[in-house]
Every structure is written in structure tokens, then in C-alpha cells.
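The values are calculated or read from the model by the stated rules, or taken from the named source; none is laboratory data. Keep in mind it's a predicted model, so treat the numbers as computed, not measured. Positions of Cβ are backbone-derived with ideal geometry, glycine not excepted, and every protein chain shown enters the neighbour counts. Note: accessible area is taken over every heavy atom of the protein model, side chains too, but ligands, DNA and RNA are not part of it. Shrake-Rupley method; radii C 1.70, N 1.55, O 1.52, S 1.80 Å.
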Amino acid sequence: MEPRELFQRIEEHIQGVIKQDTEQGNLLWRELIKAHPADIAQFFEHSDESAVVALFSQFTKVLKTEVFKELSPSLQQSLLALLPDMQQMSLLQDLSTDELSDFLEHVPDHMVKEYLTVLHKKDRDKVLSILKFKPRSAGGIMDTDVLTLMEDMTVQKAISLMQRIEIA
């Protein structure tokens, strides 16, 4: 099913999709969670806030993170504010240092402090080191989460390592 058609049908049956209590609701839910995260994010940008929270809350941890990354900064802030503390913490901890610093650039200062408190000290220190730079400077756009491979490592070993630490 094409994304436009899928999202139109979801809008028409939104309560059934949220509750997944009908055959149609279940079918549309399964199609929704198979959609590309960028398509889901675009759909969320034009959807009712309560429906977005209800759908988003039911996503797997991985899908939540992937969709969150694709949302506009304003919707990211709105959505995060509506989620329970545990979901906020889990979502923020799943973002890379670079993604988290990009998100925090758009958040009011008092919220930055609140969000930073849920991070592990090591992650908080990395984010704070990036936030010291202007957003469009080299320091502001660099990615500090890098993997160094040994010169004598085979391609298979490198791929295996990246899969184990969930880079690839």
C-alpha cells in the first residue's frame, strides 16, 4: 500500500488503529509499523497530537527512536513533553551523541538541563562538549561516536564487530 493511501486510511480509522480492536485496525497497524520511519514522521507532522502520542507509545523501542530522529524539532519537543518520564529517558538514551546535541539545540535552556539529567555521565559530558560549539561550526556538526578498526582486521571481522555493537 502506498504511504499516502495508508495514512489516509489510518486517519479514517484512527481509533481502531490505536486500539487495534478491529480487523481493519489491526491490518492498518501492521502496515503502519512496516512503513519507513520518515513516512511515519511526515504523517505525524499533520496528525492530532493525542493520536500521535497514542500510536508512538505503542511502537517498539527501535521504531520509536527511528521515527523520533525524523520528526521536526518542534514535534520532537512536543512529543517528548507528553511522554512519561521513563519513555523520555529511554528515547534520549537511544539517540547518538550527535543526534542528541542536535535535538538539544532547539530546546529551551531549562529543558536542556532537565533532559541532560536523565543521561549517563559519560553521555552527558559528550553532549555538553559538543554544545559548547556554534551549531554550524565544525565542532558543532562533528560526530564524536566513531569506531576505529585495526589495520590488520579483516572485512568480515570488522562487519561482525559493527553488528555486535549495533553500528551497521
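Just a few scattered comments:
- Which labelled figure in (i) 53, 45, 28; (ii) 45, 43, 40; (iii) 46, 43, 28 is Cα extents along the principal axes in Å, once derived from the coordinates: (i)
- Within the accessible area of the chain, the carbon and sulfur atoms contribute 53%, probe 1.4 Å, all protein chains present.
- Using the Stokes-Einstein relation with a Kirkwood hydrodynamic radius computed over Cα pairs, the translational diffusion coefficient of segment 46-138 at 10 °C and a viscosity of 1.306 mPa s comes to 116 µm²/s.
- Cβ-based net charge around GLU2, under 12 Å, with every Lys or Arg adding one and every Asp or Glu removing one: -1
- Gain in span if fully extended, ILE159 to HIS13, counting 0.36 nm per residue against the direct Cα distance: 48.3 nm
- Calculated [222 nm] ellipticity per residue, helices only, for the chain: -20000 deg cm²/dmol; basis is -39500 (n - 2.57) per DSSP H run with n ≥ 4, divided by all residues, nearest 500.
- Three-way shape call for segment 1-79 based on the alpha-carbon gyration tensor, with the a/c threshold at 1.5: prolate
- In the context of the full set of protein chains, segment 1-42 has a per residue accessible area of 64 Å² (1.4 Å probe).
- Most fluctuating residue given options LEU82, LEU91, LEU71, as computed from a GNM of the chain linking Cα atoms under 10 Å: LEU82
- Mean separation of Cα contacts under 8 Å (6+ apart) over length of the chain, as relative contact order %: 14
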